[in-house]
Every structure is written in structure tokens, then in C-alpha cells.
Amino acid sequence: FLLGYLHQLLPRRPDLKLIITSATIDTERFAEHFGTPGAPAPVISVEGRTYPVEVRYRPIGDDPDDDRDQVQAVIDAVDELAHEGPGDVLVFLPGERDIREASDQLTGWAGNDVEVVPLFGRLSSGDQQRVFSTSSRRKIVVATNIAETSLTIPGIRFVIDAGLARIS
């Protein structure tokens, strides 16, 4: 809605400049849309830092002898990553109930060795800000995958994605 309104406003306000930033935007399409006929809007591309990524696939329920649930699979993955070296862990789960359950069980499993920090929209602002605080312990942030597109949390070295998303 806002982009549509700005598209109508820009021709009437030559003093107004619009800057759109996104890691996943279709630049050609937006440049054509916000440009003039035959002259697309200028695009400035700034390459971000890239890091090598190792993907490990750990399905649950594929083996008939595997009776783990989602939370136990997350705990197993955190346990595996604990041996990989230092760094905080970001866990993506589909919703608030899953986040609360996993946070409770991770806290019980790890005790005082880690700081488990849940993150979802209904938390107070102060509780949400805890993800950005530094800690002397390994931090495990348990959040929805919405955080993937909107946050950069310092110290995250490992990501566990349950591969599930809540569909409304």
C-alpha cells in the first residue's frame, strides 16, 4: 500500500527521494516500476559479507525407530553444535507455543551452561531486547522464522531451522 502511494506521489514531488533497501528485492522490477518510461530508476547494489555455510539435514520421523518430537530434535541439534566450538545458536520454530515449550525444555536440559532467550511478537519490549544483550554464556535464541528476514543478532554462529512455518 505504502509503495503504491509513494509511486503516485513521486511525480508530483520532485524534491522527494525514495530509497528502498532489501536483500531479496527484484531490483529490475522495482526499477522499472519507479522509473519513468524508458528510464528505470537507478539501482545501487552493495554486496554484503558472505560466509561459508554447511547444511546438515536431520529429519525427524523418517525412521520408524525415531520417536523424537520436534523439541527433542532441537535439543539433539544444540547438543551436536555444542561440540563445534563457541558461538550463539538461533533456533527457528513455527509459533509462540513451540517457542515457549522448546525454551522451557532447553533451559532444563542445559541448566546454567546456556542462556535461553525466546523471541516472539507478544513479548514485552524489554524481553525482546534480551536477544541483543551480551552474555558470558552461550545464548540460544528461539524465535519464529520471521526473525530471519528482519533481525541481525550479534554472536549467532549456528542456525537450527525446524523447517516448519505457521500458515494463517
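The values are calculated or read from the model by the stated rules, or taken from the named source; none is laboratory data. The structure displayed is predicted, hence computed values, not measured ones. When we count neighbours, we look across all protein chains shown, and the Cβ atoms used for this are built from the backbone with ideal geometry, even at glycine. For the accessible areas, the whole protein counts, side chains as well, though only heavy atoms, and no ligand, DNA or RNA atoms are used. Shrake-Rupley method; radii C 1.70, N 1.55, O 1.52, S 1.80 Å.
Return yes when T50 is closer than 30 Å to D76 by Cβ and either assigned to a loop (DSSP other than H, G, I, E, B) or modelled with pLDDT of 85 or more (or both) and no when it is not.
Considered against the rule, which asks whether it is closer than 30 Å to D76 by Cβ and either assigned to a loop (DSSP other than H, G, I, E, B) or modelled with pLDDT of 85 or more (or both), T50 comes out as yes.
Given the options V78, V43, name the one that is β-branched (V, I, T) and within 30 Å of V142 (Cα to Cα).
Of the residues listed, the single one that is β-branched (V, I, T) and within 30 Å of V142 (Cα to Cα) is V78.
Among the residues in the range 91-101, are any within 16 Å of the chain's Cα centre (by Cα), in contact (Cβ under 8 Å) with a residue 24 or more places away in the chain, surrounded by fewer than 17 Cβ atoms within 10 Å (Cβ to Cβ) and under 14 Å from I160 (Cβ atoms)?
Within the range 91-101, one or more residues are within 16 Å of the chain's Cα centre (by Cα), in contact (Cβ under 8 Å) with a residue 24 or more places away in the chain, surrounded by fewer than 17 Cβ atoms within 10 Å (Cβ to Cβ) and under 14 Å from I160 (Cβ atoms).
Across the range 1-54, what is the total count of residues that are among the aliphatic types (A, V, I, L, M) and farther than 30 Å from I156 by Cα?
Of the residues in the range 1-54, 11 are among the aliphatic types (A, V, I, L, M) and farther than 30 Å from I156 by Cα.
State which residue pairs qualify: first residue within 23 Å of R157 (Cβ to Cβ) and inside the range 121-141, second residue exposed (fewer than 10 other Cβ atoms within 10 Å of the Cβ) and among the acidic types (D, E) in any location, beta carbons under 8 Å apart, and separation of 6 or more residues or different chains.
Once the first residue is within 23 Å of R157 (Cβ to Cβ) and sits in the range 121-141, its partners that are exposed (fewer than 10 other Cβ atoms within 10 Å of the Cβ) and among the acidic types (D, E) give R137/D113; R138/D113.
Here is a yes/no grid of residues against (1) surrounded by 15 or more Cβ atoms within 10 Å (Cβ to Cβ); (2) of a type in the set (D, E, K, R):
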residue	(1), (2)
V114	yes, no
G121	no, no
D127	no, yes
R130	yes, yes
K139	yes, yes
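Could you grab me the full set of residues in the range 1-28 that are assigned to a loop (DSSP other than H, G, I, E, B), farther than 23 Å from V46 by Cβ and not hydrophobic (A, V, I, L, M, F, W, C)?
Hits for the range 1-28 are R13, P14, D15.
Taking the range 31-90 only, how many residues are open to solvent by 80 Å² or more (accessible area, probe 1.4 Å) and within 30 Å of P14 (Cα to Cα)?
11
Considering every residue within the range 143-153, establish whether at least one is part of a loop (DSSP other than H, G, I, E, B), within 30 Å of T27 (Cβ to Cβ), hydrophobic (A, V, I, L, M, F, W, C) and within 17 Å of the chain's Cα centre (by Cα).
Yes, the range 143-153 contains at least one residue that is part of a loop (DSSP other than H, G, I, E, B), within 30 Å of T27 (Cβ to Cβ), hydrophobic (A, V, I, L, M, F, W, C) and within 17 Å of the chain's Cα centre (by Cα).
Scan (1) modelled with pLDDT under 85; (2) open to solvent by 90 Å² or more (accessible area, probe 1.4 Å) for the single condition E28 breaks and write down its number.
If we test E28 against (1) modelled with pLDDT under 85; (2) open to solvent by 90 Å² or more (accessible area, probe 1.4 Å), just (1) comes out false.
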